[in-house]
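Structure record follows, encoded as structure tokens.
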Amino acid sequence: TVPAPMSPSNKSVGSDAGSQDSGDGNAGPRTLHWDPDPSTLQLHSDSELMGRGAVRLGMSKLTQVDFVPREMVSYSKETQTPTEAMTQDEEITAPPPADDTQEEKDDQGEQQEEDTPKELTEEEKLQVLHSEEFLSFFERGSRIVERVLAEQVDVCFDYSGRDLEDKEGDLQAGAKLVVNRQFADERWTKNRVVTCLDWSPQYPELLVASYNNNEDAPHEPDGVALVWNMKYKKGTPEYIFHCQSEVMSAGFAKFHPNLVVGGTYSGQIVLWDNRSNKRTPVQRTPLSAAAHTHPVYCVNVVGTQNANNLISISTDGKMCSWSLDMLSQPQDSLELVFKQSKAVAVTSMAFPLADVNNFVVGSEDGSVYTACRHGSKAGITEVFEGHHGPVTGLSCHSAGGPVDFSHLFISSSFDWTVKLWSTKSTRPLYSFEDCCDYVYDAMWSPTHPALFACVDLSGRLDLWNLNNDTEVPTASVSVEGSPALNRVRWSHSGKEIATGDSEGQVRVYDVGEQICVPKADEWTRFVRTLAEINENRDEAEELANA
């Protein structure tokens, strides 16, 4: 920097005062002239003024230099004590935004434009919506979201038991039959009749129900099979399957957790696979003389994990054995004919526990027949007469325990009765006649040796515990509106029971533990009960013959 000019009064004489001789005798006289501009300093000599222009000094460059002050470090106690918070006047203000803020915004805008996805055309959207990957993802994703939305959990449940004090009376009395779930769908079950029910052996929360046609919807498929889920509180089916003929029987394929088998009114056996995105069957049997050409009311998968077959029987008395890997033709077929005269019009079928050869069938003429699949006596072996109307349901004893009761079975009929039978005798052991209408179905409990259930046309569900009483049911419940209950099915645990009615409704009841859970002495008590039943039957026959 150039220092400010000194005052000329102390150093020289102004130009107005003339000249002053220098102390140097050799040099000519010099005169100092001050430029009237204070920012510059001019030195003038007589010779320079005469020979050349004046030299002007000025600032060419300005540089600012900051020197960091010396840091004084003090190790006194004051540095170890907390300092007071800054006052409002001492608060540090944020530095002003940099000049390149606008440039950053421009860069971000360009980046966002690059990240914006390309807008698909309508044709591309339709192509994505119909792609196999999207359909699979959407179906699975929507199913999971629906489960979460329908979940109802009591977050305020008190495990200390205080909430149960008000319900102590109800617990002591014991709720015998309580509706747990009710399944129906406006499109798929309205104006349809439930024709069959079955629980999944692999996934105990899954229940399949088959339905006949809806006469008010001629453009909808005639046959429908819906898989309902008990685990999640949602109102829509887990899977929807359909075909072009009414489904008269359906069931999960044992040892094949992904397959559902259906028997149709046209005689075809259809196979659905929940791994496929198709709702239509992945396999079906041909409509030919080698297979069924009459309605199939009975389908059942029997055998073991490594050797199993699908058994089907139609109303013309033809029984076929199929491999689930190939439904193009049956592996074996058998005509169920009684005394080589008339074919048995089969309406129901049941296999005893752990038996794949011997089975029982009910017919339209009210008779019950035992038959076997293989051997020299293949076909009908015995006839059991006692019903006065078509047999609607059959169930073999299935509760395993210390005593073998696999020779017992029950049958239901249009004659308003349920009858108890033994394969050791062609006469009924007992007839339960408390019902006041057609009895459509009956089934033994899978866990309790003396317990069975039945449903009738009036919409009543009855539970019979033969160790307690053989005259009246142990528990009963009637459905509101009195729709006909067509089917009944125990869960594999024996703690729930499902019913299907004539209006397409499926209801699942929780059975009270005091009914469904057997005591340790139930098997021995049932032995005594059967002995009493046999004695009473013999006495009644003696009185009738006397």
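The values are calculated or read from the model by the stated rules, or taken from the named source; none is laboratory data. Source: prediction; values computed, not measured. Neighbour counts are summed over all protein chains in view; Cβ atoms, including those assigned to glycine, are modelled from backbone coordinates with ideal geometry.
One residue alone among T423, T417, T474, T447 is among the hydroxyl-bearing types (S, T, Y) and within 24 Å of G251 (Cα to Cα), and that residue is T447. Contact map, the stretch 460-484: first residue under 15 Å from C435 (Cα atoms), second residue assigned to a loop (DSSP other than H, G, I, E, B) and aliphatic (A, V, I, L, M), Cβ cut-off under 8 Å, separation 6 or more or different chains; pairs are R460/V479; L461/V479; A484/L457. Taking the conditions (1) in contact (Cβ under 8 Å) with a residue 40 or more places away in the chain; (2) assigned to a loop (DSSP other than H, G, I, E, B); (3) in contact with a strand residue (DSSP E or B) (Cβ under 6 Å, 6 or more places away or on another chain) in turn, P221 satisfies each one other than (1).
Taking first residues from the stretch 319-332 that are loosely packed, with under 13 Cβ neighbours inside 10 Å and partners that are not hydroxyl-bearing (S, T, Y), the Cβ contacts under 8 Å between residues at least 6 apart in sequence or on separate chains come to Q331/N309; Q331/W322.
Every residue, every condition in (1) more than 21 Å from S425 (Cα to Cα); (2) touching a Cys at 6+ places or on another chain (Cβ under 6 Å); (3) buried (at least 16 other Cβ atoms within 10 Å of the Cβ), yes or no:
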residue	(1), (2), (3)
V472	yes, no, no
Y509	yes, no, yes
V517	yes, no, no
D521	yes, no, no
A544	no, no, no
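Of everything in the stretch 191-226 that is of a type outside the set (S, T, Y) and touching a Leu at 6+ places or on another chain (Cβ under 6 Å), the residue that is surrounded by the most Cβ atoms within 10 Å (Cβ to Cβ) is A209. Taken together, V403, V368, V383 contain a single residue that is of a type in the set (A, V, I, L, M), in contact with a strand residue (DSSP E or B) (Cβ under 8 Å, 6 or more places away or on another chain) and more than 24 Å from L197 (Cα to Cα), which is V383.
Condition first: buried (at least 22 other Cβ atoms within 10 Å of the Cβ) and in a strand (DSSP E or B). Now tell me which residues in the stretch 381-407 satisfy that. Answer for the stretch 381-407, where residues must be buried (at least 22 other Cβ atoms within 10 Å of the Cβ) and in a strand (DSSP E or B): F384, V391, T392, G393, L394, S395, C396. The criterion of at least 2 residues that are closer than 30 Å to G401 by Cα and in contact with a strand residue (DSSP E or B) (Cβ under 6 Å, 6 or more places away or on another chain) is met, among strands (runs of 3 or more DSSP E) falling completely within the stretch 308-354, by 308-314, 346-350.
With respect to A291, is the statement that it is hydrophobic (A, V, I, L, M, F, W, C), within 30 Å of N180 (Cβ to Cβ) and in contact with a Cys (Cβ under 7 Å, 6 or more places away or on another chain) true?
No, not satisfied.
Scanning the stretch 184-197 for residues that are of a type outside the set (A, V, I, L, M) and closer than 13 Å to M248 by Cβ yields R192, T195, C196. Has the stretch 450-463 got any residue that is surrounded by fewer than 19 Cβ atoms within 10 Å (Cβ to Cβ) and either of a type outside the set (S, T, Y) or touching a His at 6+ places or on another chain (Cβ under 8 Å) (or both)? No; the residues of the stretch 450-463 include none that is surrounded by fewer than 19 Cβ atoms within 10 Å (Cβ to Cβ) and either of a type outside the set (S, T, Y) or touching a His at 6+ places or on another chain (Cβ under 8 Å) (or both). The set of residues in the stretch 368-380 that are part of a loop (DSSP other than H, G, I, E, B) and within 20 Å of N300 (Cβ to Cβ) comprises R373, H374, G375, A378. The numbered conditions (1) in a loop (DSSP other than H, G, I, E, B); (2) touching a strand residue (DSSP E or B) at 6+ places or on another chain (Cβ under 6 Å); (3) of a type in the set (S, T, Y) are all true for T236 except (2).
From the list F338, F359, which one is over 39 Å from the mean Cα position of the chain (by Cα), over 21 Å from V260 (Cβ atoms) and free of Cβ contacts under 8 Å to residues at least 60 places away in the same chain? Checking each option against the conditions leaves just F338. Checking each residue in the stretch 159-189 for being part of a loop (DSSP other than H, G, I, E, B), modelled with pLDDT of 90 or more and either among the polar types (S, T, N, Q) or surrounded by 15 or more Cβ atoms within 10 Å (Cβ to Cβ) (or both) picks out A184, D185, W188, T189.
Filtering N277, N300 for residues that are touching a residue at least 24 places away in the same chain (Cβ under 8 Å) and touching a helix residue (DSSP H, G or I) at 6+ places or on another chain (Cβ under 7 Å) leaves a single hit, N277. D501 passes every criterion in (1) in contact with an Asp or Glu (Cβ under 9 Å, 6 or more places away or on another chain); (2) surrounded by 20 or more Cβ atoms within 10 Å (Cβ to Cβ); (3) over 22 Å from H397 (Cβ atoms) apart from (1). Of the candidates V208, V194, the single residue that is hydrophobic (A, V, I, L, M, F, W, C), modelled with pLDDT of 90 or more and more than 17 Å from the chain's Cα centre (by Cα) is V194. Annotation note: Cβ proximity below 7 Å between a residue of the stretch 419-447 that is free of Cβ contacts under 8 Å to residues at least 24 places away in the same chain and a residue that is among the charged types (D, E, K, R) (sequence gap 6+ or interchain) occurs for D437/D456.
Within the stretch 278-307, the set of residues being in contact with a Phe, Trp or Tyr (Cβ under 9 Å, 6 or more places away or on another chain) and surrounded by fewer than 17 Cβ atoms within 10 Å (Cβ to Cβ) comprises K278, R279, T280, V282, G303, T304, Q305, N306. The single residue among K118, K125 that is surrounded by 10 or more Cβ atoms within 10 Å (Cβ to Cβ) and modelled with pLDDT of 65 or more turns out to be K125.
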